[in-house]
1. In the range 31-68, which residues are of a type in the set (Lys, Arg) and part of a loop (DSSP other than H, G, I, E, B)?
2. When you scan the range 137-167, how many residues do you find that are farther than 28 Å from Val21 by Cα, of a type outside the set (A, V, I, L, M) and either in contact (Cβ under 8 Å) with a residue 40 or more places away in the chain or crowded, with 17+ Cβ neighbours inside 10 Å (or both)?
3. Please determine whether any residue of the range 84-94 is within 16 Å of the ligand (Cβ to nearest atom) and modelled with pLDDT of 95 or more.
4. Within the range 1-28, take every residue that is at pLDDT below 95 and assigned to a helix (DSSP H, G or I) and give me the one that is surrounded by the most Cβ atoms within 10 Å (Cβ to Cβ).
5. (1) modelled with pLDDT of 95 or more; (2) part of a strand (DSSP E or B); (3) not acidic (Asp, Glu): which one isn't true of Lys79, the others all being true?
6. Within the range 95-112, restricting attention to residues that are part of a strand (DSSP E or B) and among the hydroxyl-bearing types (Ser, Thr, Tyr), which residue is farthest from the ligand (Cβ to nearest atom)?
7. Picking from Val48, Val37, Val21, which residue would you name as being within 16 Å of the ligand (Cβ to nearest atom) and among the aliphatic types (A, V, I, L, M)?
Amino acid sequence: MPAAPVCKIGHPVLRQKCASVPHKAFKEEALKQFLDVMVDTMRKQNGVGLAANQIGLPIRAAVLENRTGARYPSSDSFKLERLLNLRIVQYSKKTEEDWEGCLSIPGYRGLVARAKWVVYEAMDESGRKIKRKVSGFHARVIQHETDHLNGFFYMDRMKDLNHWMHLNEFNRQLGLTVKEHD
Ligand code: NI
């Protein structure tokens, strides 16, 4: 399955609230293929998550996976998830700050406070309901992708834009050598 180009910040589709996937669409081969394209696009870009509107289709679908930690070296790994109609139903009161990037905003990192854990609901492709509690980096990615599906970027959540950096500056200040290709 070929990877798709990723829409960059400024593209109006990224500010759209994505529409729920209707139940009748769950059986359709086209939806399965679209999710395959999302997974390939995420992997090719070394991303840890991707929302459907990032490749131009404003439907409530997201994929996430953290295999190698290449893009976020100290993060926990988590398995591939293909989530339809994703929504967060519970947030921890406690928050924690960490750095985030985004495939739609290449070459930047921002310090974002997120809930330490969340409970999310979604459907898999066969229409089975998923309900899970996740914490740490996994919870952060769920929050980041849910934001995309609602038309938000991580900077919208930042308290202090002094902590929004070009990747070169991020690497210099934190003593890292994180690279991105695009
Ligand atoms: Ni993103």
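1. Residues satisfying the conditions are Arg60, Arg67.
2. 5
3. Yes, the range 84-94 contains at least one residue that is within 16 Å of the ligand (Cβ to nearest atom) and modelled with pLDDT of 95 or more.
4. The residue in question is Phe26.
5. (1)
6. Going through the qualifying residues, I end up with Thr95.
7. Answer to the selection: Val48.
Quick grid of which residues meet (1) within 15 Å of the chain's Cα centre (by Cα); (2) within 14 Å of the ligand (Cβ to nearest atom); (3) not charged (D, E, K, R):
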site	(1), (2), (3)
Ala122	yes, no, yes
Ile130	no, no, yes
Thr146	yes, yes, yes
Asn162	no, no, yes
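The values are calculated or read from the model by the stated rules, or taken from the named source; none is laboratory data. What you see is a predicted model; the values in this text were computed from it and never measured. Every residue, glycine as well, gets a Cβ built from its backbone with ideal geometry; the counts of neighbours run over all protein chains shown.
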